[in-house]
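Notes to accompany the following structure.
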Amino acid sequence: MTITERFFQIETEWNVVHLPTRPNGFGILIIGDRSDFVDEKSSFWHQHYGRHQLIKELMNEGYTLFHSNLYGNNWGSPRAVTMAKQLYHMIMKKEILNQRIHVLTEGMGGLTALQLMEAMPDKIRSVAMMNPCLDLQAHLEKEKEHKFFYKRLMREISIAYEIEEKKIKTAKLPSMYDITSNQPVRIWQRMNLATYSPKEHSKKYEELRKKSGSPIRLIYHLGDNPYRINQSIIKFYKENEKVL
């Protein structure tokens, strides 16, 4: 029987690697949104029909995918970034893959991805983002309009960053404004389901990259054709594999 996935722990965190039948030599790091998890036998991306379809389509193309629990609702915390780097190095030791990987993010995973782009630019080939959060203070400000969600978010950030809630407003939280890296990025922004306002996140990042002279593409959609989105992500990755 062919092993198509392997679950393993790094320190306290569970991780999974998805192994294709015919590897193409390229790896993809998945960084999920706040509901994301990986445990000893499953993950959010296994259980969510749409995300599982995306995993299957990427594996059919030969991609090796790896994915960590990253301390749950991490909001781009330093320890989540460190764990993502550890996972990268472990996968590179164990699998035969090109050292420059693709990244696939959803929601708050964008915060960790931005920091990885900055910290290891020579290891990241391209980044595909779905409905990203790219400025944590801006998201916090927006959530003030919803008291319950605001309190929950404050509590989650306090736990993730290991700081008191009263210190959050002055804390250095991840933001696209601190990022200078210019790796290829493409954003798929769903118009009718926006936890993170496109105006504050996707659109602002598109403007920033345009100003810096390394423009990106922002694609708006209604989520009515997941297959087309998945194929569009695959096409984007392939465009960035011409130089090994």
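Read-outs: derived from the displayed coordinates by stated rules, not from any lab. All of these numbers come straight from a predicted model, not from anything done at the bench. In this analysis, Cβ positions are derived from the backbone assuming ideal geometry, glycine residues included, and neighbour counts consider all displayed protein chains.
With Cα atoms defining each centre, the range 1-78 and the range 187-215 are spaced 25 Å apart in the structure. Only Cα pairs under 8 Å and 6+ residues apart enter the sum, and on that basis the relative contact order of the range 55-181 stands at 27 percent. The modelled label-to-label distance for the pair I96/H221, using points 7 Å beyond Cα in the direction of Cβ, is 3.3 nm. Shape analysis of the range 168-234 places it in the oblate category; the axes a ≥ b ≥ c from the Cα gyration tensor give an a/c of at least 1.5, with a/b not above b/c.
With both bridge residues required to lie in the chain, what share of the DSSP beta bridges run antiparallel, to the nearest 5%?
Within the chain, antiparallel bridges account for around 35 percent of the total.
For an R0 of 41 angstrom, estimate the FRET efficiency from the Cβ-Cβ distance between K199 and K85 and round to the nearest 0.05. Taking R0 as 41 Å, the efficiency between K199 and K85 is 0.85.
If I take every Cα pair under 8 Å that is 6 or more residues apart in the range 1-130, average their sequence separation and divide by the length, what percent do I get for the relative contact order? Numbers along the way, then the final one.
Working: 236 pairs, mean separation 38.0, N = 130.
The value is 29 percent.
Would you work out the relative contact order for the chain, in percent, from Cα pairs under 8 angstrom that are 6 or more residues apart? Relative contact order here is 18 percent.
Translational D (Stokes-Einstein, µm²/s) of the range 91-144 at 37 °C and 0.692 mPa s when Rh comes from the Kirkwood sum over C-alpha pairs?
Values: Rh = 12.4 Å.
Translational D for this selection: 265 µm²/s.
Taking other Cβ atoms within 10 Å as a rough exposure proxy, V38, V17, V243 sort from fewest to most as V243, V17, V38.
If you bin all the Cα-Cα distances of the chain at 5 Å, starting from zero, the percentages per bin are 1, 6, 14, 19, 20, 18, 12, 6, 2, 1, 0. Positive end of the dipole of the chain (Cβ unit charges, origin at the Cα centre): among P215, F236, Y49, the Cα lying farthest that way belongs to P215.
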